[in-house]
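What follows is calculated from the coordinates using simple rules that are stated; it is not laboratory data. Quick caveat: nothing in here was measured; it's all calculated off a predicted structure.
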Amino acid sequence: MATTKHSGAKPEGVSASTLINKRIAELGDWRGETLGQIRALIKDTVPDVLEEWKWMGTPVWSHQGIICTGETYKKVVKMTFAKGASLKDPSGLFNSSMAGNVRRAIDVQEGEKLNVRALTALIREAVALNASGKKAAPAKSVKKAAPTKTVKKTAPTKTVKKAAPTKTVKKAAPARSAKR
């Protein structure tokens, strides 16, 4: 049985929506179900959202700029928010890609339920940020501790055993001859 490798590139004349439908069906497991739920939530929250197929097979949802992507991996379905570092996340949904200055992501694992209310708020905030025309603000940096001084190690010094001090002996004055 031959295995066909999919490049993920968008075939000419096929809509992104069709390709996303196909991806969900091909997965056929919890990942496809989760990606389908995420997609439905995005479309309910932003009815005029634009679905795109980018970067060799990644579903992307946009509205005056990228809202988020929907990537599928072996153990997670990842929603990456393009300007996530600029979004408020009071519910703490972001749990991945936290070190970057622009993006933030949510990794959804098998059996995990989506927090629909919090996710809807995050999607709306991403749409509002895109509509404002503002660029993503750099993430607030965590204050780093002052660098520690590097002490250069020197080669160990040899201990030299000092000799016991020598006694200085006064020489006796030469004896005088007695010529008398």
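For the listed residue pairs Lys22/Lys83; Lys22/Lys75; Lys75/Lys135; Lys74/Lys135, the alpha carbons are over 25 angstrom apart in Lys22/Lys83; Lys75/Lys135; Lys74/Lys135. Expressed per residue, the C-alpha convex hull volume of segment 16-131 stands at 99 Å³. Relative contact order of segment 16-131, taken over Cα pairs closer than 8 Å and 6 or more residues apart, is 22 percent. What is the Cα centroid distance between segment 89-118 and segment 20-64, reported in whole angstrom? Taking the Cα centre of segment 20-64 as reference, the centre of segment 89-118 is 16 Å away.
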